[in-house]
Structure formats: structure tokens, C-alpha cells
1. Scan Leu123, Leu72, Leu40, Leu47 and give me the residue that is part of a helix (DSSP H, G or I) and either loosely packed, with under 14 Cβ neighbours inside 10 Å or free of Cβ contacts under 8 Å to residues at least 12 places away in the same chain (or both).
2. When Leu63 is evaluated against the numbered criteria (1) crowded, with 20+ Cβ neighbours inside 10 Å; (2) under 14 Å from the mean Cα position of the chain (by Cα), which criterion, by number, is the only one it fails?
3. So, in region 137-188, of the ones that are at pLDDT below 75 and of a type in the set (Ser, Thr, Tyr), which residue ends up farthest from Gly67 (Cα to Cα)?
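The values are calculated or read from the model by the stated rules, or taken from the named source; none is laboratory data. Bear in mind that the values here come from a model prediction, so they are computed numbers and not experimental data. Heads up, the Cβs are rebuilt from the backbone with ideal geometry, glycines too, and the neighbour counts pull from every protein chain shown.
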Amino acid sequence: AQSERMELLIRDLLLLSRLENTETRNDPQPVAVAGLVQGLVDGLDLLIRNKGQQVRLEIPPDLHLQGDETELASAFGNLLANAVHYSGQDACIHVHWQPDAGEGAGGRLIFDDTGPGIAAHHLPRLTERFYRPDASRVTATGGTGLGLAIVKHVLLRHNGQLEIDSTPGQGSRFACRFEMQGDLAGSG
């Protein structure tokens, strides 16, 4: 278990270093968001079922983001895994697309969970490397403490940003906001 945790930590550190130190690809490709997220849900199916959770997806089948599919999968996968790990038994996780007003104005891919929530004073620091609002989460989830830093850097490379809203006892909302018109295709 210790060697697996160390391997995961090294892999996340290398990914974060690459994201921080390399330029964005000049040839972004259209990424089918609904299929990508469904694949991530399928990959966590055993854990989701063991916790009696439901994951509800509401993403238009024709929604495409221009970018790097591997990087977007890493960002969305981290957010989904966090929602699953931190939400309790029989929880509902809702992943949905919310377009901004106006045609081609952008939108948000939102991950809502019914987990324990996070106190407001922790929110500004959540994307820092190794920051955890509660030390007990290290043992409970087995994560590396780098997931949200990775999400932040992936979104920056895709002209996006991470928006976090959480209320203790009510759950959390992590939204990947994509602002620029050229980033989206078929978001209807």
C-alpha cells in the first residue's frame, strides 16, 4: 500500500510539473465531454456501487471542448473522484453542463456533491499543493493532495478556471468554467 501511494504521488507530481512547465499544445482537438465523463464514471463504478451512490449526468451529447483530452480527463477525473470519495453512503453526485447566457458565450461543467462540505476559510487555499482542510482526509481518501492543483493548471491551459462553492453539512460545488467562444462547439 505504501509503495502504491508513493507511485501515485510521483505520478501526480510529474503531471503537475509538466502542466506548470510546458506550453499548451497548439493543435487542440474537439473533446466529446459527455463520453469522456461517462468513461470516468464507469471507471469508478465499483466504488460508486459499494457506497450506494448515484451519479447523475446531464451533459449535452454534442458538447465538445477544444483541448487536450488526456488533460481534461485528468481534471474531470480528479473532481469526480473527490465527489465520490468525500460523499457518504447513498449520496447523489450531479455532473451537469450550464451554458452561459448568449450563444457561444461559454459555460461551466459542474460537479455537485452531498459531501460534508468545506468551511469558507479553506476555499481560497484548496488548489495549493498538498493543502487539506482536514488532516483526517489523508487517511480516509488516500489521495496525494495534488488533485485540485492539477485541476487548476489544466483549466488554465484551456482558458478556464475552477470555481468552488461549499457549505459545511450541505456539500460542495466545483465548476470548471470555460469562458472563450472558441473553446466550445455544439454546446446546445
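1. Working: Leu123 fails: either loosely packed, with under 14 Cβ neighbours inside 10 Å or free of Cβ contacts under 8 Å to residues at least 12 places away in the same chain (or both); Leu72 fails: either loosely packed, with under 14 Cβ neighbours inside 10 Å or free of Cβ contacts under 8 Å to residues at least 12 places away in the same chain (or both); Leu40 fails: either loosely packed, with under 14 Cβ neighbours inside 10 Å or free of Cβ contacts under 8 Å to residues at least 12 places away in the same chain (or both).
Of Leu123, Leu72, Leu40, Leu47, the one residue that is part of a helix (DSSP H, G or I) and either loosely packed, with under 14 Cβ neighbours inside 10 Å or free of Cβ contacts under 8 Å to residues at least 12 places away in the same chain (or both) is Leu47.
2. With (1) crowded, with 20+ Cβ neighbours inside 10 Å; (2) under 14 Å from the mean Cα position of the chain (by Cα) applied to Leu63, the lone miss is (2).
3. The first filter runs over region 137-188 and keeps only residues at pLDDT below 75, leaving 137-145, 180-188.
Still in the list and also of a type in the set (Ser, Thr, Tyr): 139, 141, 144, 187.
Numbers: Thr139: 34, Thr141: 29, Thr144: 25, Ser187: 15 Å.
In this case the residue turns out to be Thr139.
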